[in-house]
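Remarks on the structure that follows.
Where a number appears in this text, it was derived from the coordinates with a stated rule and is not lab data. In this text the structure is predicted, and so the values were computed from the model without any measurement. In this analysis, Cβ positions are derived from the backbone assuming ideal geometry, glycine residues included, and neighbour counts consider all displayed protein chains.
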Amino acid sequence: MSTRTWHDLGDPGDLDGFVAFLAEGGIVEPGDPMPDEYRREVFRFIELHANSELMGGLTERDWIPKAPGLRRKMAIIAKTQDEIGHAHLLYMVASDMGVKTRDQMLTDLFAGRSRFHNVFHYAAVTWADQVAIAYLVDAAALISQQAVLKVCSYGPYRRILKRIVAEEGFHMRHGEEMLLTFAEGTEIQRRMFQEALDRWWLPALQLFGPDSKPDDELITFRIKSEPNEVLRDRWVQKYAPLLTGYGFTVPDPDLRHDPDTGRWEIGEIDWSHLKATLANAGPDSARRIGDAARHWADTAWVRDALERTSARAA
Amino acid sequence: MKLGAPERAVLLAFADDEHLMGQRHTEWIGVAPFLEEDLAFSSIAQDELGHAVALYELVGGHDTEIDAYAFGRDRSAWRSCWLVEQPCTDWAAALVRHWLYDTAEWLRWEALSGSADERVRAVAERALQEERYHRRHADALLDALVGDEEADRRIGEALDHLLPLAVALFDAGQEASGADVTVVGPPLVELVNPWRAEVDRRFGPRPWSSVEPPAGHDRAVRSQHFDEVHDRMREVISLDPTATW
């Protein structure tokens, strides 16, 4: 196994040399003199991932007290704990890049100044939305993360992604089990899931983002291994047949199975929804960011008190 | 060993306390002062709910459908204390209740850990392992905060408000009287003095003679806050009581 690092080899100004180093499977560590473009892009990507894990955890938290059953409740707490745990790890890795501290990232998030994934800008209206999120969104996130893990050039991110991907695998199975409960459930449950699917299919599909540009820096920097459209298609090919197989209707009038190619073809995607969420102007963005900011402000006294007592102790 | 009605009453009171304490802790997940606390409250809530499941199983026997029992009972069948029914919307109150409740909980599990019933003993022994961490967690946070003027004020206010509710926890209720001490340990009321000694050690001596349970406190009667938490926990399950969720 290669132990070469850019630290031994490189000059931070030599972007071409750096890209060639990455192309050969080189791994970058926090102390390495990485080019500014790399630091900026990788930091932005990890910060987005951290924010999304946290906002995803907050989506679930609203439903924990209502979880139908004690064991179900314990399982969803464990899942939320994993998501917040991922955010915790990711914020540590991101803050080590020296761009922003964890506190600055959280402050920016709650002030609506930074981004998180489109899916967490929507309201989870019923418990079945939780099921749709666990079944469709977690699977989409897992496909994206597996693709990053395949090549990930930033050492600390690569190491924690291993753990994140392993845990997300459990979440996906948890989602499958919840979906089965609804698919094989009562009329009320099947109707609830269909309504949730109507709300979540498109946001989950758009989680992958629009088609990648040919010169996508994240692919050049070996953070992403595959273009967005390839990952999105992998998800469609898996979930369109599963959902229709369970007797649910995928909310896309142009969805069809091509018997010649064996592929599922989807209709035109309206990206205006994604654009709104990118501007923190999705259907539930204001409430979500506002609630998180209010809770953060309500507990500021604890953080301030701890800062004062630890300063005194030092 | 078959449990009699008074022993089951002791365990049901404990099960309902654990259930609602776990439920109340879940309200802090994701909105605690820092991420580490979100994670800690997630763990503690899971543990308390796990204890509730184990205790409901002891009360009802293994063939009981736990969720039907835990969620489907009429509100008049609940035996929780009012401390766990109380909403704690300030972090200081949530932390103080966490400490007061877990200190009492520790003593309750210790009392059960000497049970002649091996199922009761096994549940208690496992719970005691977990409780060690809960208590350490609450103590560490209090240690870190004590000495700060604002933290001390908020903790003091929370303590004044919660202590009467906390002492009322030690009334196990009429149905528990005469419970076999070899099965469920000494009566709950006998644990109040060791608990008070722990409170004094942690927060300084309290004027115990003036700390009275709130008027009307009775485990057979629900406090004004019960319906809100009960409705929320049943919101989904009651959409279709015939369904598996």
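Just counting partner chain Cβ atoms within 10 Å, what average do the residues of peptide B:236-242 show around their Cβ?
On the way: counts 11, 6, 1, 8, 7, 0, 3.
Averaged over the peptide's residues, the number is 5.
What does the extension gain come out to for A:ASP304 and A:ALA286, with contour length at 0.36 nm per residue minus their alpha carbon separation? Please list the in-between numbers first.
On the way: separation 18, 0.36 × 18 = 6.48 nm, distance 2.63 nm.
That works out to 3.8 nm of additional length.
Apply 1/(1 + (r/R0)^6) to the Cβ-Cβ distance of A:ALA314 and A:GLU176, taking R0 = 56 Å, and write down the FRET efficiency to the nearest 0.05. List each step's numbers first, then the result.
Working: r = 50 Å, r/R0 = 0.89.
Once rounded, the FRET efficiency stands at 0.65.
If neighbour count is taken as other Cβ atoms inside 10 Å, put A:ASP216, A:ASP260, B:ASP67 in order from fewest to most. Mind showing how you got there, number by number?
Details: A:ASP216 15, A:ASP260 5, B:ASP67 19.
The most exposed by this proxy come first: A:ASP260, A:ASP216, B:ASP67.
Over the Cα atoms of chain B, each weighted equally, I'd like the Debye log10 I(q)/I(0) at q = 0.10, 0.11, 0.14, 0.15 Å⁻¹, rounded to two decimals.
-0.46, -0.56, -0.93, -1.08
From the helices alone, meaning DSSP H stretches of at least four residues, give me the mean residue ellipticity at 222 nm for the protein assembly as shown, per-run term -39500 (n - 2.57), in deg cm²/dmol to the nearest 500. Please report the intermediate quantities before stating the final value.
Details: 24 runs with 354 residues, N = 559.
Using -39500 (n - 2.57) per qualifying helix, the result is -20500 deg cm²/dmol.
Counting only other chains, what is the mean number of Cβ atoms within 10 angstrom of the Cβ of each residue in peptide A:57-68? Could you put the intermediate results ahead of the total?
Numbers: counts 5, 4, 1, 2, 8, 1, 3, 8, 10, 8, 8, 13.
Per residue, the average neighbour count from other chains is 6.
Taking Cα centroids, how far is the range A:180-205 from the range B:9-76 in Å?
Using only Cα atoms, the two centres lie 28 Å from each other.
Could you tell me which residue out of B:PRO207, A:GLY31, A:ALA313 lies farthest along the dipole of the protein assembly as shown toward its positive end? Charges go on the beta carbon: Lys and Arg +1, Asp and Glu -1, centred on the Cα centre.
B:PRO207
Over the Cα atoms, compute the radius of gyration (one decimal) and Dmax (the largest Cα-Cα distance, rounded to a whole number) for the range A:242-283, in Å.
14.3, 42
What's the extension gain from A:ASP11 to A:THR244 if we count 0.36 nm per residue and subtract their Cα-Cα distance?
Using 0.36 nm per residue and subtracting the Cα-Cα distance, I get 78.5 nm.
Which lysines have a Cα lying under 17 Å from the Cα of A:LYS224, excluding residues fewer than 8 positions away in the same chain?
Excluding near neighbours in sequence, the set is A:LYS150, A:LYS162, A:LYS213.
Kindly put B:SER42, B:SER238, B:SER113 in sequence by how many other C-beta atoms sit within 10 Å of each C-beta, fewest to most.
Numbers: B:SER42 28, B:SER238 12, B:SER113 17.
Ascending Cβ contact count within 10 Å gives the list B:SER238, B:SER113, B:SER42.
So what's the net charge close to B:ALA168: Lys and Arg +1, Asp and Glu -1, counting the other residues with Cβ under 12 Å from its Cβ? Spell out each step's value before the answer.
On the way: positive: B:ARG219; negative: B:ASP17, B:GLU85, B:ASP171, B:GLU212, B:ASP218.
Neighbour charge sum, excluding B:ALA168 itself: -4.
Can you list, largest first and rounded to whole Å, the semi-axes you get for the protein assembly as shown by taking the square root of 5 times each eigenvalue of its Cα gyration tensor? Kindly include the intermediate steps, with their values, before the conclusion.
On the way: eigenvalues 431, 184, 78 Å².
Semi-axes, largest first: 46, 30, 20 Å.
What do you get for Rg/Rh of chain A when both radii come from the Cα atoms and Rh is the Kirkwood radius?
Values: Rg = 20.8 Å, Rh = 21.0 Å.
Over the Cα atoms of chain A, Rg/Rh equals 0.99.
Among A:86-97, B:146-157, how do they line up from the highest to the lowest mean number of other beta-carbon atoms within 10 Å?
Details: A:86-97: 21.4, B:146-157: 16.0.
In descending order of packing, they fall as A:86-97, B:146-157.
In whole Å, largest first, what are the principal axis extents of the Cα atoms in the range A:44-89?
39, 16, 10
Please work out the Cα center distance from the range A:227-274 to the range A:5-71, rounded to the nearest Å.
Value for the Cα centre distance between the two parts: 29 Å.
How about A:LYS275: which aspartates and glutamates have a C-alpha closer than 15 Å to its C-alpha, ignoring those fewer than 8 places off in the same chain?
Correct list for A:LYS275: A:ASP211, A:ASP284.
Kindly put B:ARG222, A:ARG222, A:ARG113 in sequence by how many other C-beta atoms sit within 10 Å of each C-beta, fewest to most.
So the residues, fewest neighbours to most, are A:ARG113, B:ARG222, A:ARG222.
What does the charge count near A:ARG308 come to, summing +1 for each Lys or Arg and -1 for each Asp or Glu among other residues with Cβ under 9 Å from its Cβ?
Values: positive: A:ARG312; negative: A:ASP304, A:GLU307, B:ASP148, B:GLU149, B:GLU150.
That works out to -4.
How high is the FRET efficiency between A:ASP215 and A:LYS275 when r is their beta carbon distance and R₀ equals 22 Å, given to the nearest 0.05?
Values: r = 21 Å, r/R0 = 0.96.
Efficiency computed from Cβ-Cβ geometry: 0.55.
Other chains near A:119-129: what is the mean number of their Cβ atoms within 10 Å of each residue's Cβ?
On the way: counts 0, 0, 0, 0, 0, 0, 0, 3, 5, 2, 0.
Other-chain Cβ atoms within 10 Å of each residue's Cβ, averaged: 1.
Project the alpha carbons of the range B:108-149 onto their principal axes and report the range along each, largest first, in whole Å.
The principal-axis extents, from largest down, are 48, 14, 8 Å.
Compute from the Cα atoms of the range B:38-181 the Rg and the Dmax, the latter being the longest Cα-Cα distance, and quote both in angstrom.
16.6, 53
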